[in-house]
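All remarks here apply to the structure that follows.
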Amino acid sequence: MGIDGFDIPNLDRDEGADIESMRKACTLAVPDPVGWQEEDISRNVLVTTVDAVINWSRRASLWPVNFGLACCAFEMIATASSRFDISRFGMEILRPSPRQADLMIVSGTLTWKMAPALKRIYSQMAEPKWVIAMGACAISGGLFHRSYSVVHGVNLIVPVDVYIPGCPPRPEALLNGIQKLYEKIQKQSIAQK
Amino acid sequence: MTKPVATKELADRLEREFQGCIIESSDKDIVVKAEFVSKIALYLKDTPGLEFDYLNYVTAVDYKDYFMVVYNLISLKNNASLILKTRCDNRENPTVPSVVGVWKGADFQEREIYDLMGIRFENHPDLKRIFLWDGFAGYPLRKDFVNQ
Ligand code: SF4
């Protein structure tokens, strides 16, 4: 059976093989990016001055990609709309395209079937890029931890910069997480990224 | 709200039409043998006075010894509803005839049951997993499913 030249049974089989191999490969968490904590570079005066400017411009204009997966997504949407107003922090809209984004807010339950898509979208984002894991599900699988289909935390698939606990975290918590990300970006150095 | 039909009378009527098709009937539901399902479905849909033209849902239950497939039928014309059930005693290879030919809406739901409960639907046009991926081991909604 085929639609527009696609071989559907093969697509299904390939997808299944992809997911199974990912499931076997991703058993350990990707280490959190911590390079920005290194003291040595921050003593270099020239680099730090340039860093300050670049980091300021980077953090003041983050472009988040919309990766809403489950209930947490609604808190993210609320954060983006008028009452909490994410644009106060330099993010006007959640981008639908990863190529225009440098921050991925993973809000919700990640299933193994979705995991290859998450990885691909992360790879499509331009460097430098950051990831926020929003909610218990994105951090560890949350209340679906023992389910047959849920990934035990998005840090098995991509490196995570900020974890926001809660089920779901309130918009204030997301904004707080974004502030924390600002602090982190401010300490980064172009010598690393 | 739809009114439930008088199941006892309907069961007698079905018994007259298809000998030996009824396993049991209560005042809430009718349980029929699996091999009669598609014929009974067509009969319930096309007979004047019954006209169950809308399949509200089809789902399945694991009772450990056997499976039960449950159809909730609604007649929009007569404002009536009916719970039709069928039993599946073979746990190794549970099979039920598909009703996609009668109600198109059964398509995805039968695939869902196949995916999560492992019941095969004969003559389904495209019976494959719908939520889980190809190569997933086991059927997670079965009571004896063990998560690795
Ligand atoms: S953490 Fe809670 S609110 Fe967020 S996706 Fe999971 S279950 Fe839903």
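The values are calculated or read from the model by the stated rules, or taken from the named source; none is laboratory data. Computed from a predicted model, the values in this text were never measured in an experiment. Glycine gets a Cβ as well: all are built from the backbone with ideal geometry, and neighbour counts include every protein chain shown. To get the accessible areas, we keep the full protein, side chains included, count just its heavy atoms, and leave off ligands, DNA and RNA. Shrake-Rupley method; radii C 1.70, N 1.55, O 1.52, S 1.80 Å.
This table checks each residue for (1) assigned to a loop (DSSP other than H, G, I, E, B); (2) under 22 Å from A:SER189 (Cβ atoms); (3) not hydroxyl-bearing (Ser, Thr, Tyr).
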{"site": "A:ALA52", "(1), (2), (3)": "no, yes, yes"}
{"site": "A:LEU62", "(1), (2), (3)": "yes, yes, yes"}
{"site": "A:THR79", "(1), (2), (3)": "no, no, no"}
{"site": "A:ALA117", "(1), (2), (3)": "no, no, yes"}
{"site": "A:ALA133", "(1), (2), (3)": "no, no, yes"}
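With respect to B:ARG120, is the statement that it is within 14 Å of chain A (Cβ to nearest Cβ) and within 18 Å of B:ALA41 (Cβ to Cβ) true? Quick ask: steps written out before the conclusion?
Details: within 14 Å of chain A (Cβ to nearest Cβ): no; within 18 Å of B:ALA41 (Cβ to Cβ): yes.
In short, no.
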* Working carefully through the options A:GLY153, A:GLY141, find the one that is open to solvent by less than 10 Å² (accessible area, probe 1.4 Å), touching a residue at least 60 places away in the same chain (Cβ under 8 Å) and within 14 Å of the ligand (Cβ to nearest atom). => A:GLY153
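For every residue, the table says whether it meets (1) more than 15 Å from A:GLY68 (Cα to Cα); (2) open to solvent by less than 30 Å² (accessible area, probe 1.4 Å); (3) away from the ligand (no atom under 16 Å from the Cβ).
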| position | (1), (2), (3) |
| --- | --- |
| A:LYS119 | no, no, yes |
| A:CYS137 | no, yes, no |
| A:PRO171 | no, yes, no |
| A:LYS180 | yes, no, yes |
| A:GLN188 | yes, yes, yes |
* **Matching residues, the stretch A:59-77, being of a type in the set (A, V, I, L, M), within 13 Å of the ligand (Cβ to nearest atom) and either within 14 Å of chain B (Cβ to nearest Cβ) or surrounded by fewer than 17 Cβ atoms within 10 Å (Cβ to Cβ) (or both)** => A:ILE77
* To do: Determine, yes or no, whether B:SER75 is at pLDDT 90 or above, over 29 Å from B:ASN147 (Cα atoms) and open to solvent by less than 10 Å² (accessible area, probe 1.4 Å).
  => yes
* Determine if the stretch A:94-114 includes at least one residue that is touching a Phe, Trp or Tyr at 6+ places or on another chain (Cβ under 9 Å), more than 14 Å from chain B (Cβ to nearest Cβ), closer than 19 Å to A:LYS180 by Cα and surrounded by fewer than 18 Cβ atoms within 10 Å (Cβ to Cβ). => no
* **Subset of the stretch A:94-115 [within 16 Å of the ligand (Cβ to nearest atom) and assigned to a strand (DSSP E or B)]** => A:MET104, A:ILE105, A:VAL106, A:SER107, A:THR111
* Run B:TRP133 past the list (1) over 23 Å from B:TYR63 (Cβ atoms); (2) within 14 Å of chain A (Cβ to nearest Cβ); (3) open to solvent by 20 Å² or more (accessible area, probe 1.4 Å) and report the number of the one that doesn't hold. => (3)
* Asked: Do we have any residue at all in the stretch B:105-122 that's in contact (Cβ under 8 Å) with a residue 24 or more places away in the chain and surrounded by fewer than 13 Cβ atoms within 10 Å (Cβ to Cβ)?
  -> no
* In the set B:ASP53, B:ASP65, B:ASP46, which member is open to solvent by 10 Å² or more (accessible area, probe 1.4 Å), over 9 Å from the mean Cα position of the chain (by Cα) and without any contact (Cβ under 8 Å) to a residue 12 or more places away in the chain? -> B:ASP46
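Only one of A:ASP161, A:ASP102, A:ASP85 is modelled with pLDDT of 90 or more and either of a type in the set (Asp, Glu) or in contact with a helix residue (DSSP H, G or I) (Cβ under 7 Å, 6 or more places away or on another chain) (or both). Can you tell me which?
Details: A:ASP102 fails: modelled with pLDDT of 90 or more; A:ASP85 fails: modelled with pLDDT of 90 or more.
Step by step, each of A:ASP161, A:ASP102, A:ASP85 is checked, and only A:ASP161 is modelled with pLDDT of 90 or more and either of a type in the set (Asp, Glu) or in contact with a helix residue (DSSP H, G or I) (Cβ under 7 Å, 6 or more places away or on another chain) (or both).
What residue, of A:ARG99, A:ARG146, A:ARG170, is among the basic types (Lys, Arg) and in contact (Cβ under 8 Å) with a residue 60 or more places away in the chain? Lay out the reasoning, then the answer.
Details: A:ARG99 fails: in contact (Cβ under 8 Å) with a residue 60 or more places away in the chain; A:ARG146 fails: in contact (Cβ under 8 Å) with a residue 60 or more places away in the chain.
None of the others qualify; the one that does is A:ARG170.
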